[in-house]
Structures are given as structure tokens and as C-alpha cells.
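Chemist: This is the structure, below, for whatever I ask next.
Computed from the coordinates by the stated procedures, all read-outs in this text should not be read as laboratory data. Given the structure is predicted, the values throughout are model-derived calculations rather than measurements. Here the Cβ is made from the backbone with ideal geometry for all residues, glycine too, and neighbour counts use every protein chain on show.
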Amino acid sequence: MAAESGPGRVILVGAGPGDPGLVGARAREAIAEADTILYDRLVGPGLLDGARPDAELVYVGKQGGGAAVPQERTEEMLLEHARAGRVVVRLKGGDPFVFGRGGEEALTLRAAGIPFEVVPGVTAGLAAPAYAGIPVTHRGLSTAVALVTGHTRRGTGGDDDAHEAEIDWAALAAFPGTLVFYMGVSALPVISERLIAAGRPASEPAAIVEAGTLPGQRTVVATLETIAEEARREQVRAPSVTVIGAVAALAGELGWRAPQPLAGRTVAVTRARAQASGLARRLAALGARAIEAPAIRVRPLAGPALDPAPYDLVCVTSANGVAGLFERLAAADPPRDARALAGARVAAIGPATVEALAARGVLADVVPERAVAESLAAALEGAAVRRALVVRGTQARDVLPEALAAGGAEVDTLDVYETVPEAAPPGVVEEALEADYITFTSSSTVRYFLDAAGGPERIGSRTRLVSIGPLTTEALRERGLEPHVEAATHDVEGIVAAVLDDAAGVPSEHS
């Protein structure tokens with residue numbers, strides 16, 4: 001991990017309300033330059049993809065009412081990493097200074113003499129209503145807006161009682177404008193009761209926006225008197241914001257987001273973090289709440305420079321293999337690039353590998369109908385191959401090299417990466433186990449996810465398992481599990497199509 005000489009610095013970055021498209025340019029720049037990133041659960045999907053490969057990612061969030069990293073420990077880590085000379089990003093949902101405890105962190109840094117910067121983010125109290133068609137101010141309806149914490153529970157001791165005491169219900173009831181409560185799903189009965197008792201009209205429009213700005217967003221509209229019961233009946237969950245005021249009634253008229261086919265569904269993605277976000281974004285664009293629970297990590301293997309000149313066939317068995325192949329080419333002196341492959345035919349195992357090669361300027365000559373080694377071997381059967389190179393990972397099967405050798409070719413294998421377990425952030429595996437779907441994109445994701453989960457028996461009967469293809473299905477069966485659906489094409493689009501069809505009730509051979 002890189003470090004500067006002398007004291008480092010901290011950047012308090014607002015990650016916005018969830019939609020990564022709302023994250024500003026300065027926030028993305030800070031993420032890209034960070035040595036260490038301390039992040040929480042409300043960071044939108046794919047945002048950490050912008051971090052450097054060698055950056056240290058540290059989860060410091062809270063998981064749905066469960067255990068959390070204490071705020072004091074988070075501040076200690078900020079100081080520890082900054083004092084080690086690192087650029088530290090504290091990445092948090094929304095805006096650091098709006099119910100984000102960024103002010104406390106800034107004071108701690110100032111007291112310690114650590115330089116810091118604040119990058120504001122779009123706060124959920126404004127963004128979620130806007131995405132639901134609710135303008136928090138509107139001529140003739142509201143000329144002011146108050147942002148209020150929804151943590152109002154009593155009788156639990158500690159900070160909750162303090163929050164209750166801090167809220168002036170009489171002042172809020174008399175406030176001449178819109179009230180927006182954060183983090184108040186469980187406290188809605190108390191909020192409505194206190195406001196009505198303090199004089200706020202029981203018939204005033206109210207709305208609660210769940211998962212604001214995310215594709216799975218939904219809005220429940222009622223009155224101040226009935227909003228708590230409606231939210232309970234609709235099983236509204238965090239993260240949510242509640243809007244109270246005349247403007248809440250505009251949700252039905254100004255709502256602009258069309259319903260999505262996977263709205264209300266949760267889908268866990270177990271593939272490596274560097275690749276998970278692409279699938280997560282595709283699912284999220286269709287309305288799903290995507291849970292990134294990476295079970296594996298791809299680790300490049302160092303090795304000598306590669307001269308491909310002796311080979312008349314180069315086979316690449318994954319997109320990760322493409323990256324490793326070009327690293328070995330670049331290691332030569334002088335460095336080689338795609339031109340070094342001009343004398344060989346190039347075979348790619350499937351669409352993702354084809355795309356990765358194309359991004360490097362190489363068009364695959366041979367692509368099988370199905371993205372498995374058997375199909376690629378069949379596609380090459382009968383081809384005149386003198387010497388072949390198979391670029392792969394350490395756990396790859398020998399199907400392809402053996403088939404080429406049986407056809408008379410001299411075959412070399414080049415292992416350019418290995419797949420190792422990835423420790424998911426605390427609570428993420430538990431959240432994935434409760435998802436509507438868990439997607440598996442390789443045998444290793446099956447093995448390592450189930451190990452992290454504590455075994456196949458932890459998979460609930462309600463959760464549906466999605467396999468990317470036959471080898472992944474076989475890995476599930478070896479652990480005593482049967483996939484509910486297998487992708488027809490063995491790539492990201494196949495996984496997405498499989499989830500869409502299953503959610504729509506389209507039967508498959510695994511249904």
C-alpha cells in the first residue's frame with residue numbers, strides 16, 4: 001500500500017443516497033487516489049470499483065440494526081492510517097455533515113492536527129423525495145423544509161433517550177413547511193403520535209420513500225395519522241425517509257420512475273469484487289436490490305515475460321486470463337502488445353473473454369457456442385495445430401490441453417492467476433442468505449460462499465439459486481444443492497436473463 005512521507009490526510013466523502021450517478025467528480029477523484037477507504041453499508045453499488053487495486057478497503061458500517069463498528073473505533077482508524085502517511089477516504093452514504101457524524105470526525109482530526117477535506121454528497125432527505133416525485137418545497141404549499149433524525153425510540157437507554165430529549169415536538173408541529181425524517185421506519189408510530197399530540201393535523205399528507213434513488217425504490221402515501229400502519233402493512237424497510245407536509249400528496253401526480261421488472265427483489269452476487277459490480281449494476285437497473293457478497297478474489301501470478309512467437313494457437317479461458325496474458329507480454333524488454341499475437345490464431349472460451357480481448361485490440365478467431373472447455377475443444381477438433389498455448393487460472397481443468405494434445409499438438413499451459421477466498425464485510429453473507437436469489441458464476445464462488453456461510457444448510461428454502469452453467473451446477477450438486485435455474489448462455493447477460501425469466505414465472509428445466 002502506498003504511503004506519503006510525513007503525516008497523511010483524510011477526505012470525508014459523501015457517497016450520495018445510493019444511485020452512483022449522483023456521485024460527484026471530486027468524490028470519484030478522492031476514491032481513486034486513496035490508500036485506505038473506510039466505508040459504510042449505504043455506499044452505492046460499484047462506487048468502490050474506482051479504488052486503486054492496492055487500496056485497503058475497510059468496512060465500518062452497521063448492518064440493519066445489528067452490530068456496528070463503534071464510532072470511536074472508526075475515528076481511531078482514521079487517525080492511525082493518516083498518521084502512517086496515507087491518504088484516507090471516509091466514504092459514507094449521503095452527505096458527511098447531514099446525520100453522517102462527519103462533524104465529529106472532523107473535530108477529532110482537527111484536534112489531532114490531521115489535515116482534512118470535506119466532499120459534500122447529495123443527502124437522501126432531498127434526493128429520495130425528488131426521485132419519488134415529491135418537491136420538498138413548492139410554491140403555495142411549502143416554503144421551508146426541516147431535516148430531522150428519526151431515531152426517537154425511548155426506553156433503550158444511551159443515545160436513544162438523548163435523541164428523544166433533543167427533539168422539540170411542539171416546534172416541529174408548528175413548523176410552517178415540510179418535515180423530512182431520516183432513519184425512522186421503526187419509530188414512525190412515535191413520530192406521528194408526538195406530532196399529532198403537539199398539534200400537527202392528523203389528516204396532513206405523508207409519504208415514506210424506501211430505497212430512495214435506487215431502482216428498487218417504492219413510495220407509500222398516506223396521512224400523518226395512518227402512515228405508520230401503512231408502512232407496517234407494506235413491510236417498508238430501511239433505508240427510508242418520511243416526508244410530512246402538503247407536498248407529499250404530489251407523489252402520485254409527479255412520480256416519474258417507471259416500475260421495473262425486478263422491483264422488490266433482492267439478488268446476491270458472489271463473484272469477485274472487480275467483476276461483481278457489472279452484474280450488480282445490470283440487476284439494479286432492472287429494479288433489484290443487489291447485494292455484493294464477493295466470495296472470491298482473483299490474484300494475478302507473477303511470472304516471466306511471454307514470447308508467443310512459437311505458438312500457432314493461443315487459447316484464453318477467461319477474461320482474467322486476458323489480463324494475465326497481456327501482463328506477461330508487457331513484461332518483455334521491449335514490452336510486447338497485441339501485435340505479438342499476429343502469427344497465431346486466438347481462441348476464446350466465451351463472450352466475456354471475447355470482449356476482454358477486443359478491448360486489447362484482438363479479435364478472437366475461434367469462439368464456441370457454449371462457454372465451457374468441452375465446447376472449445378470441440379470447436380478446435382480437427383484443426384491443424386502444431387503448438388498451442390492455453391492461458392488459464394491455477395484451478396482450471398485439463399480438458400482443453402488434453403484434447404489438443406490428443407489431436408497431435410504440443411501444448412503448453414500458462415497459469416496467470418489464482419482464485420482465493422474473499423472475506424465479505426461483516427453481515428453481508430447473512431444478508432445474502434436472506435436474498436430472493438443468490439447467483440453463482442463459477443465453481444469457486446459456490447465453494448467459498450458456502451464455506452463462508454457455514455455450509456449449504458444455511459441456504460433458506462425461500463432463496464432461489466442461479467447457476468451460470470453446467471460446471472457451476474455440478475459444484476452446487478456436490479454440496480447437496482440443486483439450482484432453481486441455470487443460465488442458457490454462460491455469461492452475465494445469461495444470469496440476468498435467468499433471473500428475469502424466473503421472476504416472471506417462466507419455467508426452466510431446473511424449475
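Chemist: With θ taken as phi - 60° and the coefficients 6.51, -1.76 and 1.60, list the Karplus ³J(HN,Hα) couplings across region 468-478 in order, rounded to whole Hz; mark glycine and proline as x.
Modeler: 7, x, x, 5, 5, 4, 4, 5, 5, 5, 5
Chemist: Given R₀ = 25 Å, what would the calculated FRET efficiency be for GLU29 paired with ALA68, taking r from the Cβ atoms and rounding to 0.05?
Modeler: Numbers: r = 28 Å, r/R0 = 1.13.
Calculated transfer efficiency: 0.30.
Chemist: Near the amide H of ALA290, under 5 Å away, which other amide H atoms are found, from residues 5 or more places off or on another chain, if H is placed in the peptide plane?
Modeler: Here the answer is VAL267, since their amide H atoms fall under 5 Å of that of ALA290.
Chemist: Given the options GLY100, ALA30, THR137, identify the residue whose Cα lies farthest towards the positive end of the charge dipole of the chain (+1 on Cβ of Lys, Arg; -1 on Cβ of Asp, Glu).
Modeler: THR137
Chemist: Quickly rank 114-125, 241-252 as a protection proxy: mean count of other C-beta atoms within 10 Å, highest first. Walk me through the numbers before you get to the answer.
Modeler: Values: 114-125: 20.8, 241-252: 23.0.
Averaged packing, sorted descending, gives the order 241-252, 114-125.
Chemist: Okay, which of region 263-279 sit inside 15 Å, backbone N to the point 7 Å along the Cα-Cβ direction of GLN235?
Modeler: Within reach of a label on GLN235: 263-267.
Chemist: Quick one: if the Förster radius is 30 Å, what FRET efficiency do ALA378 and GLN260 give, using the C-beta to C-beta distance and rounding to 0.05?
Modeler: Values: r = 39 Å, r/R0 = 1.30.
Efficiency computed from Cβ-Cβ geometry: 0.15.
Chemist: Arranged by the count of other C-beta atoms within 10 angstrom, fewest first, what order do LEU433, LEU450 take?
Modeler: With the sparsest Cβ surroundings first, the list reads LEU433, LEU450.
Chemist: Something else: At what distance in nm do the modelled label points of GLU457 and VAL399 sit from each other, each positioned 7 Å from its Cα along Cα→Cβ?
Modeler: Reported label-point gap for GLU457 and VAL399 is 3.3 nm.
Chemist: Could you tell me which residue out of ALA340, ALA290, VAL367 lies farthest along the dipole of region 288-374 toward its positive end? Charges go on the beta carbon: Lys and Arg +1, Asp and Glu -1, centred on the Cα centre.
Modeler: ALA290
Chemist: Would you please name the trypsin sites (Lys or Arg not before Pro) within region 349-387 that are DSSP coil residues with at most 15 other C-beta atoms within 10 Å of their C-beta?
Modeler: In loop regions of region 349-387 (DSSP not H, G, I, E or B), the sparsely surrounded trypsin sites (Lys or Arg not before Pro) are ARG360, ARG386.
Chemist: Related question: Tell me which of GLY150, TYR59, PRO421 sits at the most positive position along the dipole axis of the chain, charges placed on C-beta atoms (Lys, Arg +1; Asp, Glu -1).
Modeler: So the residue we want is GLY150.
Chemist: Relative to the longest principal Cα axis of the chain, at what angle does helix 71-83 sit, 0 to 90 degrees, rounded to 10?
Modeler: Tilt relative to the chain: about 50 degrees.
Chemist: Here's a follow-up. Hey, got the dipole for region 314-446? About the Cα centre, +1 on K and R Cβ, -1 on D and E Cβ, debye to the nearest 20?
Modeler: 760 debye
Chemist: How high is the relative contact order of the chain? Use alpha-carbon pairs under 8 Å, at least six apart in sequence, and give a whole percent. Intermediate values should be presented prior to the final figure.
Modeler: Working: 1119 pairs, mean separation 54.4, N = 511.
This gives 11 percent for the chain.
Chemist: Another question about this same structure. With θ taken as phi - 60° and the coefficients 6.51, -1.76 and 1.60, list the Karplus ³J(HN,Hα) couplings across region 336-353 in order, rounded to whole Hz; mark glycine and proline as x.
Modeler: Along region 336-353, the couplings run 9, 9, 4, 5, 5, 9, 5, x, 10, 6, 10, 10, 10, 6, x, x, 5, 5 Hz.
Chemist: If you don't mind, another one. Note down the net charge around TYR448, summing +1 for each Lys or Arg and -1 for each Asp or Glu among other residues with Cβ under 12 Å from its Cβ.
Modeler: +2
Chemist: From the Cα gyration tensor of region 299-420, with a ≥ b ≥ c the square roots of its eigenvalues, which class applies: rounded if a/c is under 1.5, or else prolate if a/b is larger than b/c, or else oblate?
Modeler: Verdict is rounded for region 299-420.
Chemist: Order these peptides, 393-399, 487-493, by their mean beta-carbon neighbour count within 10 angstrom, highest first. Please list the in-between numbers first.
Modeler: On the way: 393-399: 15.6, 487-493: 20.0.
Descending packing order for the listed peptides: 487-493, 393-399.
Chemist: Nothing charged except the Cβ atoms of Lys and Arg (+1) and of Asp and Glu (-1): what's the magnitude of the dipole of the chain about its Cα centre? Round to the nearest 20 debye.
Modeler: 600 debye
Chemist: Name the residues whose placed amide hydrogens come within less than 5 Å of the amide hydrogen of GLU117, ignoring near sequence neighbours (fewer than 5 apart) on the same chain.
Modeler: Placed amide hydrogens put VAL10, ILE11, LEU12 under 5 Å from GLU117.
Chemist: Let me ask another. Under the Karplus relation 6.51 cos²θ - 1.76 cosθ + 1.60, θ = phi - 60°, what is the ordered set of whole-Hz ³J(HN,Hα) values for region 107-124, x standing for Gly and Pro?
Modeler: Along region 107-124, the couplings run 5, 4, 5, 5, 5, 8, x, 8, x, 9, 9, 10, 10, x, x, 6, 7, 4 Hz.
Chemist: Among 271-277, 463-469, 379-385, how do they line up from the highest to the lowest mean number of other beta-carbon atoms within 10 Å?
Modeler: By packing density, highest mean first, the sequence is 463-469, 271-277, 379-385.
Chemist: Given a Förster distance of 45 Å, report the FRET efficiency between ALA330 and ARG477 from their Cβ-Cβ distance, rounded to the nearest 0.05.
Modeler: 0.65
Chemist: When a/c is below 1.5 the answer is rounded, else prolate if a/b is larger than b/c, else oblate, so apply that to region 126-254 with a ≥ b ≥ c taken from the square roots of the Cα gyration tensor eigenvalues.
Modeler: oblate
Chemist: Still on this structure: Hey, can you grab everything whose amide H is under 5 Å from the amide H of THR413? Only 5+ residues off in sequence or another chain; H modelled, so Pro and N-termini drop out.
Modeler: Placed amide hydrogens put VAL390 under 5 Å from THR413.
Chemist: Right, next: Charges at C-beta only: +1 for Lys and Arg, -1 for Asp and Glu. How large is the resulting dipole of region 126-254 about its Cα centre, in Debye rounded to 20?
Modeler: That gives a dipole near 260 debye.
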